[in-house]
Every structure is written in structure tokens, then in C-alpha cells.
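The values are calculated or read from the model by the stated rules, or taken from the named source; none is laboratory data. Just so it is clear, the model here is predicted, and its values are computed rather than measured. So basically every Cβ, Gly included, is an ideal-geometry build from the backbone, and we count neighbours across all protein chains shown.
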Amino acid sequence: MKRLLFLFLLFSIPSWAASAPSSTEQYPVKVHVSSSMWTMEPWNDGPIAVLRLLTIIDGKKYTLDALTSYNYAKVTLLAVGDYKARLVRNVHRNAYESSQTYKLLFPDGKTRKFVVVGQSE
């Protein structure tokens, strides 16, 4: 009887566990990257490397930046195309100023945060 009860519990456990949310639920925003480039920006201790993306998010054009470690031997650009993302910071101080940060999900499951540094029509 104990064995039967053990088997019943063992096989019913997966039905108790909630399924993990899909990447579509966790990263609902579609980001189209139309351009990827490196730029050097001034910083306190000297210039710092920035990966800059020109994107389209919900039909609007944005420039996104990510601070990165810059190594001439390992300079890589993000491939243009569509990526899943989620908005991780969305601050609106008033009706005309905002500050936003997106986390992009890459095909290998890695992520990187990008700050919105520009917008255009």
C-alpha cells in the first residue's frame, strides 16, 4: 500500500508544479535592431566603449546604449534583426521626460541591458 501511495505521489507531482512562463510572456516587447555600432564616450577615467543600437520598438525609433568592456581583439556587433525584450525601468518624471531601460533576450538565452539614450520620428 505504501508503494502504491508513493508511486501515485511521484507521478502526480508534475501536475502540481506550475509551468514556467515562456520567453514570450517574460519578454513581450519586440525590438527590431536596424543598426549596431561601437562608439567611444568620455568618462571620468577616460573613454569607455558603448555598444549603440538603432532600433524600432512599437513603431517608434529609439537609440539604445549598453556599456561594455572593450577589447580590440573581441569587438563584436549585435546582428541586425528582431529580438525579444522587456522593459525593466520606466520612469516618467513628468509629461515630457522619461528614462527607460530594456533587457534584450538573445537566442542563446543570454541577456543584456540597454538604456534608451535617444528617440526620433
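Residues in the stretch 54-97 that are at pLDDT below 90 and hydroxyl-bearing (S, T, Y): T68, S69, Y70, Y72, T76.
Note on the stretch 37-65: residues that are among the polar types (S, T, N, Q), within 24 Å of E121 (Cα to Cα) and out of contact with any Phe, Trp or Tyr (no Cβ under 7 Å at 6 or more places or on another chain) total 2.
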